[in-house]
């Protein structure tokens with residue numbers, strides 16, 4: 001058989017891998033490693049131990065932080081600890097005052113140690129007024145002493161009888177509206 005009669009070999013598989021490896025070895029010998037300037041690491045400046053921006057094996061503020069730790073730091077920096085604790089109490093109101101009272105009396109706002117509670121009826125407003133010293137003690141036990149100084153209880157909103165053609169001078173109707 002002559003060279004002309006030999007079938008051409010399809011370079012796939014092992015023969016192709018050998019050809020690529022031989023070509024790579026030939027180019028690897030020709031290439032020389034580039035000298036890197038001292039004091040750099042892949043084109044960046046190396047950080048020394050005295051650098052305040054250097055990150056070590058210990059976590060610092062530049063490392064990824066959990067959302068909880070970020071929120072805790074924000075609340076502490078802004079001085080919102082008391083407000084966050086009191087408004088968190090709004091969500092736990094039923095466990096503090098009990099289900100019966102919580103069904104008819106809801107906290108509305110907190111301002112300067114004063115908690116405003118809205119009652120469904122005048123009867124529940126009276127009941128909450130009588131319970132307020134006990135509730136203040138429970139809240140201060142959970143939130144910290146002196147957080148809440150007093151509870152202001154508001155009753156239901158009554159309609160106004162002051163306007164219209166049939167308004168009556170004087171004290172007007174007397175209903176509890178609830």
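Every number here is computed from the coordinates shown, using simple stated rules; none is lab data. Not measured: the values here are computed from a predicted model. Here Cβ is always computed from backbone atoms with ideal geometry, including for glycine, and neighbour counts include all displayed protein chains.
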- Å³ per residue enclosed by the Cα convex hull of the range 78-154: 77
- Assuming R0 = 41 Å, what is the FRET efficiency of residue 76 and residue 129, from their Cβ-Cβ distance, to the nearest 0.05? 0.70
- Query: For the residues 100, 145, what sequence is obtained by ranking on other C-beta atoms within 10 Å, fewest first?
  - Reply: 145, 100
- Query: How high is the FRET efficiency from residue 157 to residue 65, r the C-beta distance, R0 41 Å, rounded to 0.05?
  - Reply: 0.35
- Item | Likely footprinting exposure, 67, 130, fewest C-beta neighbours within 10 Å first | 67, 130
- Message: Order these by the 10 Å Cβ neighbour count, fewest first: 90, 110.
- Response: 90, 110
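Residue separation times 0.36 nm, minus the C-alpha to C-alpha distance between residue 94 and residue 116: what's the value?
6.3 nm
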